[in-house]
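Taking it in order: structure first as structure tokens, then the write-up.
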Amino acid sequence: MARYFSIFLTFARACLVRDMTFRANFVLECLTSLGWMSMNLAFYLLVFQFTPEIGKGTGWTREPFFAFVATGLIINSIVQALFMPSAEELTEMVRTGGLDGVLVQPLDAQFLLSMHRVDFSSFANGLVGVGLLGWAVSRMDHTPPATAWLLYPFLILCGVAILYALVIMLAAATILLGRNQSLYDFWFYLTNFSRYPAEIYAGPWGGPLRALCTFVIPILLVVNVPARVIALPLEGQAWGLVWLAVTAAMASLVVSRIVFQTALAKYRSASS
Amino acid sequence: MHNSSGDARTVAAVIEVEDLAKSYRVFDKPEGLAASVKSLFHRPSRTVEALKGVSLTVGRGEFVALLGPNGAGKTTFLKLLSGIITPTRGTARVLGHVPWERADDFRRRFALVMGQKNQLWWDLPAAESFRLHREIYRIEPGRFERTRDELVDLLGVRKLVLQPVRDLSLGERMKLELVAALLHEPEVLFLDEPTIGLDVVAQHALHQFLAHIQVERRMTIVLTTHYMKDVAALCHRAIVITDGSILYDGSLDQIVDRFTTHKIVTLDLDGTPTAADFAHLGFPCEVRGPRVTLRIDRQRIADVLPEILRGRQVRDVSVEDVPLEEIVAALFRSGAAGAARAPAEARA
Ligand SMILES: Nc1ncnc2c1ncn2[C@@H]1O[C@H](COP(=O)(O)OP(=O)(O)OP(=O)(O)O)[C@@H](O)[C@H]1O
Ligand SMILES: [Mg+2]
């Protein structure tokens with residue numbers, strides 16, 4: 001375990017050195033992602049000029065909703081920083097046979113493949129998310145209890161775990177198919193579902209969609225559960241969601257691990 | 001740690017391979033739109049047999065060359081032995097492990113270097129990759145530094161370790177790749193065309209290095225290459241693979257004995273000889289200026305040579321074996337001819 005952590009630090013250090021070598025590029029990346037995010041925030045502000053609440057009686061008024069958005073920013077920035085760059089590079093590694101070199105090393109391949117790149121510029125969004133969360137929570141009518149603050153980071157981790165499992169499944173598909181661009185678009189569409197409160201999925205087709213995204217691909221639990229714990233009163237139904245999120249996180253990790261190992265056993269290795 | 005004492009002559013099997021085969025299902029991409037649409041519903045596929053049942057044993061400390069034309073299955077064989085891919089059939093044990101189970105204990109004890117692939121971090125100095133290597137292989141720091149310095153000095157690349165890898169020449173990078181691969185002092189080393197694209201000087205440096213390190217560490221090495229110079233300089237044993245099967249497995253000297261029936265006699269004569277002067281001997285003969293080249297049966301060389309020399313003003317004479325390249329090329333061709341007779345690919 002300690003060894004894995006120190007290997008991860010070595011990777012992170014190498015990426016930092018690289019980022020600092022190409023400093024201008026690094027700054028540009030930070031600015032791009034910050035710009036994209038502020039446009040999103042401006043859009044939400046605009047929405048709240050027309051309605052006081054997203055869905056009547058849901059409790060998602062302006063400040064709680066921004067706490068929700070902040071939670072989403074934090075979780076996504078962690079995933080974007082730690083896992084996405086490695087996963088994107090995996091496509092290239094499978095295509096060129098660079099994966100061969102990874103498989104001969106005495107190290108868990110899943111660890112190496114999902115962590116060998118860290119994109120520090122993505123943390124910029126997370127920092128803004130933390131700031132936004134502070135602002136939103138301080139202006140909310142409801143004050144989160146201590147239990148909520150204790151649960152919050154833990155549930156963030158569960159959310160990250162669910163998204164990580166999804167990345168790993170997509171990586172497994174890359175290994176099996178040999179090449180995989182559309183599946184990263186798929187990633188984008190799927191995570192889109194996690195961006196809004198679950199309450200908006202209602203009605204004849206919203207309900208089944210909500211069930212699908214909660215129990216089959218638990219993408220709706222990623223942001224919703226931690227955000228709800230911090231932004232809305234912690235009562236009855238919320239506890240059920242907490243347990244669901246924890247169970248979903250564990251199950252996703254296990255299933256993704258099995259799928260990934262199966263894919264590695266079937267790896268074809270590009271001819272050279 | 002393994003037991004390295006005992007009689008040097010006892011050849012413990014480090015690699016044991018039995019009937020190892022690998023086939024790939026490949027899908028043909030049809031040309032044209034209509035055919036492409038049709039292929040959405042039925043994709044035509046066929047099976048490529050990259051390796052067709054190979055059996056062999058390699059003992060500790062052997063240096064084996066794997067020869068064969070393009071597409072023969074050499075790289076596939078090394079990938080199987082490294083556990084990168086799983087076979088379709090057959091068994092293999094390397095250092096007592098089944099490679100494709102990818103046990104850490106196995107992976108700590110071997111290394112694979114592929115000439116066409118880059119393992120080092122591209123944007124960073126090789127020293128950084130070495131550091132990572134130390135952590136992955138859990139090399140004790142003192143030992144790591146000693147090994148690294150020794151390897152770097154042997155290859156004369158000490159100055160390059162701190163330079164970003166992307167700024168290095170191909171040959172320089174290859175040397176650093178080798179250093180990285182050897183840092184954990186592997187017992188078995190697989191080399192896939194390590195000298196590809198290198199100039200003669202770099203090739204020579206690499207040969208010297210490999211020869212030295214192999215003897216010193218009693219390493220078992222399997223090397224694939226297209227350069228006979230590599231083989232002649234390093235290996236005693238050669239395995240020729242064509243079309244997925246072993247065609248020859250034995251010593252290099254015996255390749256010459258077994259597959260050549262003649263030797264090449266070259267004479268430098270005074271005056272201007274013609275082919276007609278040698279026609280009565282009944283051997284193929286080539287004349288270029290004062291130089292005459294004859295291909296003479298090995299058995300008859302002792303009888304024929306005096307006859308040739310008698311009564312001639314000879315400035316120089318040499319008797320040589322047919323060049324290795326030529327023999328191996330003939331072997332490759334005979335393998336290809338054999339393959340043409342057998343159905344090479346099964347339609348699916
Ligand atoms: N991943 C793969 N998918 C499909 N076919 C493959 C794959 N890898 C290898 N092959 C096929 O297997 C055969 C053997 O390939 P291999 O790379 O082992 O040859 P090689 O002896 O190393 O050749 P070279 O000297 O050109 O490197 C080739 O016909 C190749 O097309
Ligand atoms: Mg090859």
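The values are calculated or read from the model by the stated rules, or taken from the named source; none is laboratory data. Bear in mind that the values here come from a model prediction, so they are computed numbers and not experimental data. Quick reminder, even Gly has a Cβ in these numbers, built from the backbone with ideal geometry, and neighbours come from all protein chains shown. To get the accessible areas, we keep the full protein, side chains included, count just its heavy atoms, and leave off ligands, DNA and RNA. Shrake-Rupley method; radii C 1.70, N 1.55, O 1.52, S 1.80 Å.
Take B:Ser36 and tell me if it is open to solvent by 40 Å² or more (accessible area, probe 1.4 Å), away from ligand 1 (no atom under 16 Å from the Cβ) and over 26 Å from B:Glu325 (Cα atoms). Here the answer is yes, as B:Ser36 does meet what is asked.
In a residue-by-residue description of the stretch A:174-188, the property of being open to solvent by 30 Å² or more (accessible area, probe 1.4 Å), under 19 Å from the mean Cα position of the chain (by Cα) and of a type in the set (Gly, Ala, Ser) applies to at least one position. Apart from one condition, B:Ala111 fits all of (1) within 18 Å of B:Thr225 (Cβ to Cβ); (2) small (Gly, Ala, Ser); (3) modelled with pLDDT of 95 or more; (4) within 16 Å of ligand 1 (Cβ to nearest atom); the exception is (4).
Taking the stretch B:93-143 as the range and being at positive phi, within 26 Å of the chain's Cα centre (by Cα) and within 9 Å of chain A (Cβ to nearest Cβ) as the test, only B:Arg102 passes. The one condition from (1) in a helix (DSSP H, G or I); (2) farther than 26 Å from A:Val102 by Cα; (3) at pLDDT below 95 that A:Thr247 does not meet is (3).
In the stretch B:231-257, how many residues are in contact with a strand residue (DSSP E or B) (Cβ under 8 Å, 6 or more places away or on another chain) and either exposed (fewer than 13 other Cβ atoms within 10 Å of the Cβ) or among the acidic types (Asp, Glu) (or both)?
Residues that pass the stated criteria total 2.
The condition of being farther than 21 Å from B:Arg217 by Cβ, surrounded by fewer than 20 Cβ atoms within 10 Å (Cβ to Cβ) and either more than 16 Å from ligand 2 (Cβ to nearest atom) or more than 10 Å from chain A (Cβ to nearest Cβ) (or both) holds for B:Arg43. Scanning the stretch B:54-104 for residues that are among the β-branched types (Val, Ile, Thr), more than 16 Å from ligand 1 (Cβ to nearest atom), closer than 27 Å to B:Ala330 by Cα and open to solvent by 10 Å² or more (accessible area, probe 1.4 Å) returns a single hit, B:Thr57. For the condition away from ligand 1 (no atom under 16 Å from the Cβ), under 20 Å from the mean Cα position of the chain (by Cα) and of a type outside the set (Lys, Arg), B:Ala238 does not qualify. Number of residues in the stretch A:243-272 that are of a type in the set (Ser, Thr, Tyr), surrounded by fewer than 16 Cβ atoms within 10 Å (Cβ to Cβ) and at the interface with chain B (Cβ under 10 Å from one of its Cβ atoms): the value is 2.
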